[in-house]
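Readers should treat all values here as calculations from the given coordinates under stated rules, not as data from a laboratory. Since the structure is predicted, the reported quantities are computational estimates derived from the model, not experimental observations. Note that we place each Cβ from the backbone using ideal geometry, even for glycine, and neighbour counts take in every protein chain shown.
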Amino acid sequence: MASLKPDLVLMDVHMPVMDGPATTRALLAKHPDTKVIAWTVSESSDDLLRMIQAGCSGYVLKDSGPGELQRALWAAVRSESPVPRRMIPEVLRRVAERTPLSQATSVALTSREMQVLRGVAKGQTTKRLAQDLGLRAPSIETHLHNIFGKLNATNRGEAVSTALKLGLITLADL
């Protein structure tokens, strides 16, 4: 693997010798620009959180069809964070329960950035957000870039998690 410089890697969560999170951390330490997608049978929110914390760009269930897998891979290439929609509410609830809300925040998002953030929290794609907000996809990407910068996040999941921690959004926004 040392001679390879992969752009995208599919990683299972449960593997012999070294599990998915440990392998992901080791891979990203050597190739930080590589996108890693967890591709697994596990619907456990613990596994999803462990993989995201290890640096995975997204999480795809193996029972997904080929079209869904392809969409997830392309989403990761676009720096989005594909996660099965049915897993998002449980994961966000768990993150919110673990993290005390900050009483004050110095993060100021514009009203449009808040609309985009709420859409992301609901699991909407860039294309869907653009349609719903009457914008073009590149505009949504610009707003996401600004949100990531303001929240010191590298992907959608981190942005939503940080926004929950800071009290910018609540579980009611999901």
Subject >> Cα centroid separation - region 121-174 against region 10-31, whole Å >> reply: 27
Original post:
How many nm is it between the label spots at ARG85 and SER44, if each spot is 7 Å from the Cα in line with the beta carbon?
Top reply: 2.7
Original post:
Given a cut-off of under 8 Å on Cα pairs at least six residues apart, what relative contact order in percent is computed for region 1-73?
Top reply: 31
**OP:** Considering only GLY123, GLY20, GLY65, give the residue with the highest GNM mean-square fluctuation for the chain, with springs between Cα atoms whenever their separation is below 10 Å.
**Re:** GLY65
Subject >> Distant-in-sequence amide H partners of ALA38 (H built 1.01 Å from N, under 5 Å) >> reply: MET11, SER57, GLY58, TYR59, VAL60
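If contacts are Cα pairs under 8 angstrom and at least 6 residues apart, what is the relative contact order of the chain in percent? Provide the component values of the computation, followed by the final result.
On the way: 213 pairs, mean separation 30.3, N = 174.
It rounds to 17 percent for the chain.
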Subject >> Residue among THR24, THR110, THR154 with the largest mean-square fluctuation in a Gaussian network model of the chain, springs linking Cα atoms under 10 Å >> reply: THR110
Original post:
Using r as the Cβ-Cβ distance of ARG93 and THR154, and R0 as 22 Å, what FRET efficiency do you calculate, to the nearest 0.05?
Top reply: 0.50
